[in-house]
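Structure first, then comments.
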Amino acid sequence: MLARPGLPDFEYMKAESAQDVFHLLKEKGNEVKLLLGGTDLFVQMRDRNESAGILLDLKYLPGMKDISYDKKTGINIGAAVTLNQISAHPDVKKHFQILSQAANTVGNYQLRNRATLGGNICNASPSADMAPAALVLEGEVSLSGPDGERMLALDQFWVGPGKTALKECEFLTAVHFPNPPSGAVGRYLKLGRSKMGDLAIVGVAVLGYPDPEVPAGIRFRIGINSTAPTAYRVPQVEELLAQAPLNDELLRQASEEAMKISAPIEDVRATALYQKKMVNNLTFKGLKEVWSQLINS
Amino acid sequence: MVTHTISLIINGTEEQLQVPSNMTLLHALRDKLGFTGTKNGCEAGECGACTVLVDGEPMNSCLVLAVELNGREITTVEGLAEDGKLTPLQQAFADLNAVQCGYCTPGMLMSATALLKRNPHPSEVDIQEALIGNLCRCTGYQRIIDAVLKASRNGGER
Ligand SMILES: Cc1cc2nc3c(=O)[nH]c(=O)nc-3n(C[C@H](O)[C@H](O)[C@H](O)COP(=O)(O)OP(=O)(O)OC[C@H]3O[C@@H](n4cnc5c(N)ncnc54)[C@H](O)[C@@H]3O)c2cc1C
Ligand code: FES
Ligand code: FES
């Protein structure tokens, strides 16, 4: 007798090739669940007592655990790369620092040895911590299907809580991030119920870079999670910031605009009003930190 | 129910076992092999009581399938002491009363062992960060942190 019920029933299979995946998904449809680190999947299956015909492990497919950086095109991160690998990778730390910051805020160290970038993105949680950073870096997903590979911008990949634009028989193979504009500085600020280890009540990613073409001399990109059905950018606010000389008052005005756009719902972690106010605070704090880093560098 | 024959190298000794697909490493260790040092606290990745090392890196054994780890090296709390001699970390836990009920201790030891291996001289904040995934309902954490600091001064993980 087990002391605890453990996981609901399923058959574990390791996918050896992409063809395997298409084939099984075509033949068995909803009976198949795709597995990377399992830190979302196992918890959900246990909570919902949801069995599966087959749990198909995608970690060992070629390329799924690779990170490749190219000075011209940017970085490609395989779906099965773990968050600890991301936070420690020299090219990520050097050129995509905000990704490594975001990865470090997820759960805890031992969890991040299993939790992957691909899982965080495919789980499509509104509070996913990799999402705001991935949005300001303008990441694109590589999706593999029976008809070949296609690329899709992340803001089109998430369509609702737990819902993605993945088509039947498709799966995520990698996430591509183009090089950020030169001189870019990024900051991910996450508020949880505790300082570390909790899910985000609100998370805000700010990326700033010099741009002599705009009156502000600096352009910002802002990505926000936990306060709408999916993580989102706020282009209106980014535009507002670009079109006037920067000062504290403008940053405050922009943060309030971001707050107005946010649309949180009451949940176990916080009231909607609190989340809105925290969008305001974290956006201001993020903008201010990035701005001062840019003028001091 | 589909079963798999796998081998795990546990604390240096190879073990062959039959596991159903849905058996986590936690259940394989506790219920199949009798390594009950590894504790079951939540089975949801929240408490860290089930932490073991897989190829030297800490993982929540409740969130890994045994079948996924065929051929891999697992270290449990039973594998820390050698010939009955505690590691400096274990000794520091005992010396500083970092243990009360003891339920969190095996997981704490595994996470802290891995920390000291990757960072032999951690700061207090480094220790807090490394142990965020290990909950303790008794000690208030300070003695645990002090024990890790003491062990780091006494020569790392071994
Ligand atoms: C204790 C705990 C704390 C956590 N804290 C945080 C936190 O602070 N921040 C945060 O953002 N998340 C957190 N999480 C959630 C989770 O750890 C992360 O979302 C993680 O990155 C998921 O990755 P995974 O590899 O474990 O995904 P999996 O669980 O393997 O997969 C997630 C989902 O994606 C699907 N999927 C997997 N791979 C593919 C693919 N290649 N193509 C299509 N679909 C696929 C799966 O079927 C599943 O539905 C926490 C979880 C736990 C248990
Ligand atoms: S039992 Fe695994 S984290 Fe609690
Ligand atoms: S000593 Fe009791 S839970 Fe930590």
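Looking across segment A:189-211, the residues that are at pLDDT 95 or above and open to solvent by 20 Å² or more (accessible area, probe 1.4 Å) come down to A:K190, A:L191, A:Y209, A:P210, A:D211. All told, A:N113 meets the bar of being open to solvent by 20 Å² or more (accessible area, probe 1.4 Å), touching a helix residue (DSSP H, G or I) at 6+ places or on another chain (Cβ under 6 Å) and outside the structural domain of A:K28 (by TED's automatic domain parsing). If the condition is being within 13 Å of chain B (Cβ to nearest Cβ) and surrounded by fewer than 12 Cβ atoms within 10 Å (Cβ to Cβ), then segment A:4-30 contributes only A:P5.
Just checking, does segment A:31-54 include any residue being more than 9 Å from chain B (Cβ to nearest Cβ) and touching a Ser or Thr at 6+ places or on another chain (Cβ under 7 Å)? Looking for residues that are more than 9 Å from chain B (Cβ to nearest Cβ) and touching a Ser or Thr at 6+ places or on another chain (Cβ under 7 Å), one finds at least one in segment A:31-54, hence yes.
Output yes when any residue across segment B:93-105 is away from ligand 2 (no atom under 13 Å from the Cβ) and in contact (Cβ under 8 Å) with a residue 60 or more places away in the chain, and no when none is. No, every residue in segment B:93-105 fails to be away from ligand 2 (no atom under 13 Å from the Cβ) and in contact (Cβ under 8 Å) with a residue 60 or more places away in the chain.
Within segment B:10-38, the residues that satisfy the criterion of being more than 8 Å from chain A (Cβ to nearest Cβ) and within 16 Å of ligand 1 (Cβ to nearest atom) are B:L25, B:L26. The strands (runs of 3 or more DSSP E) found wholly in segment A:1-80 and carrying at least 2 residues that are among the hydroxyl-bearing types (S, T, Y) occupy A:67-70. Evaluate the following for B:G107: is it assigned to a loop (DSSP other than H, G, I, E, B) and of a type outside the set (V, I, T)? Answer is no for this residue. Residues in segment B:110-158 that are away from ligand 1 (no atom under 16 Å from the Cβ) and of a type in the set (D, E, K, R): B:K117, B:R118, B:E124, B:D126, B:R137, B:R143, B:D146, B:K150, B:R153, B:E157, B:R158.
Residue-by-condition table, conditions (1) outside any strand (DSSP E or B); (2) touching a helix residue (DSSP H, G or I) at 6+ places or on another chain (Cβ under 7 Å):
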position	(1), (2)
A:S127	yes, no
A:A131	yes, no
A:L135	yes, yes
A:V141	no, yes
A:S144	no, yes
A:E149	no, no
A:Q156	yes, no
A:K167	yes, no
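Scanning segment B:89-106 for residues that are more than 13 Å from ligand 3 (Cβ to nearest atom) and open to solvent by less than 30 Å² (accessible area, probe 1.4 Å) yields B:L89, B:Q90, B:A92. From the list A:V290, A:V206, the one residue that fits, being among the β-branched types (V, I, T), part of a strand (DSSP E or B) and more than 16 Å from A:S125 (Cβ to Cβ), is A:V206. Just one residue in the set B:L63, B:L53, B:L69 is within 30 Å of A:I54 (Cα to Cα), within 16 Å of ligand 1 (Cβ to nearest atom), out of contact with any Phe, Trp or Tyr (no Cβ under 9 Å at 6 or more places or on another chain) and assigned by TED's automatic domain parsing to the domain that holds B:R30; that residue is B:L69. Is there a residue in segment B:50-67 that is more than 9 Å from chain A (Cβ to nearest Cβ) and on the phi > 0 side of the Ramachandran plot? Checked segment B:50-67: at least one residue is more than 9 Å from chain A (Cβ to nearest Cβ) and on the phi > 0 side of the Ramachandran plot.
All conditions but one from (1) under 12 Å from the mean Cα position of the chain (by Cα); (2) away from ligand 3 (no atom under 16 Å from the Cβ); (3) farther than 20 Å from A:V106 by Cα apply to B:N40; the one that does not is (2). Inside segment B:61-85, residues that are away from ligand 3 (no atom under 16 Å from the Cβ) and under 15 Å from the mean Cα position of the chain (by Cα) make up a count of 12.
With respect to the conditions (1) within 13 Å of ligand 2 (Cβ to nearest atom); (2) free of Cβ contacts under 8 Å to residues at least 24 places away in the same chain, B:K85 lacks only one, and its number is (1). Considering every residue within segment A:174-184, establish whether at least one is polar (S, T, N, Q) and either modelled with pLDDT of 95 or more or crowded, with 16+ Cβ neighbours inside 10 Å (or both). Checking segment A:174-184: at least one residue is polar (S, T, N, Q) and either modelled with pLDDT of 95 or more or crowded, with 16+ Cβ neighbours inside 10 Å (or both). Residues in segment A:154-167 that are open to solvent by 30 Å² or more (accessible area, probe 1.4 Å) and more than 12 Å from ligand 1 (Cβ to nearest atom) were compared, and the one that is nearest to the chain's Cα centre (by Cα) is A:D155. Residue-level analysis places A:G38 outside the set of residues that are surrounded by fewer than 19 Cβ atoms within 10 Å (Cβ to Cβ) and in contact with a helix residue (DSSP H, G or I) (Cβ under 8 Å, 6 or more places away or on another chain).
Which one is farthest from the other protein chains (Cβ to nearest Cβ) among residues in segment B:127-148 that are open to solvent by less than 50 Å² (accessible area, probe 1.4 Å), part of a helix (DSSP H, G or I) and more than 16 Å from ligand 2 (Cβ to nearest atom)? Here the answer is B:A147.
Among the numbered conditions (1) assigned to a helix (DSSP H, G or I); (2) of a type in the set (S, T, Y); (3) within 14 Å of ligand 1 (Cβ to nearest atom), the only one that A:S255 does not meet is (3).
The values are calculated or read from the model by the stated rules, or taken from the named source; none is laboratory data. Treat the numbers as computed from the prediction; the structure is a model and nothing was measured. Reconstructed Cβ throughout: ideal geometry from the backbone, glycine too, with neighbour counts over all protein chains shown. Keep in mind that these areas ignore ligands, DNA and RNA; they rest on the heavy atoms of the full protein, side chains included. Shrake-Rupley method; radii C 1.70, N 1.55, O 1.52, S 1.80 Å.
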